[in-house]
Structures are given as C-alpha cells and as structure tokens.
C-alpha cells in the first residue's frame, strides 16, 4: 500500500526494485517488527534472512504465474505443494529460512519449471 510513496519516504531503492514482499515479511514475521535502523546488531541477520526470503518470494511469484498455465492436475498439485512449503504453517523464522537455503527445495522447484518448459 505504501509502494507509490517509497521514494518520497526515503526508500528510493525499494521503489526501483521489487522483493515480492520479502522485506516486509522478514521485518514483520521473522523479526517481529524490529528493524536494523533502530538496532544495528540486526543488520547482518536481517540482510541474510532477506536474501533467503527474496529467493523464496521469487519462486512464489513464478509459481503463481505457472498456475495460469494449462496444466495437468498432477502439475497443479505439485505447484500447490511447493506453494505450501514456501508458506510454512507456523510462518518463517531464522531456522526455517536457513533450512530452506540448505534444502533441495529451490532446486526441485527450478527443475519443475524446466519440466514445464519441455512439456515433461
């Protein structure tokens, strides 16, 4: 809701770049509304989480686009499963983000996208 006012509010970088909501999710969900501007000790862990969450949100955006395709029920079930994994029931926390970063989920989803391209 604030995207149109980001540049005038001192966030010109955010206005030119989309993180697909990863920044807000890290701040609100992972760090409970805390921010690195008020607590400099949070800068490094928040940036690390932001980098990982951005990867998850990019995948979610692509999966959302894939749902618009003419796909088999099995492919649609795969997409739904991936979306569920990228939206943990209890939300994201630092440990879940690190597990995602070290898991094969991102690779598996990218392989799934490749299968769509090749009609497999």
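Please treat every number below as a calculation from the coordinates, not as lab data. Worth saying up front: this structure is predicted, and the values here are computed from it rather than measured.
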field: segment 54-114: radius of gyration over Cα atoms, expressed as a fraction of 2.2 N^0.38 Å
entry: 1.11
- line: For segment 3-117, averaging the sequence separation of alpha carbon pairs under 8 Å that lie six or more residues apart and dividing by its residue count, the contact order in percent is 24
- prompt: By how many degrees, between 0 and 90 and to the nearest 10, does the Cα long axis of helix 43-66 differ from the longest principal axis of the chain?
  reply: 30
25 °C / 0.890 mPa s Stokes-Einstein diffusion coefficient of segment 3-117, Kirkwood radius on C-alpha pairs, µm²/s: 158
statement: Computed over the chain: longest principal axis from alpha-carbon atoms vs helix 105-117 long axis, angle to nearest 10 degrees, is 50
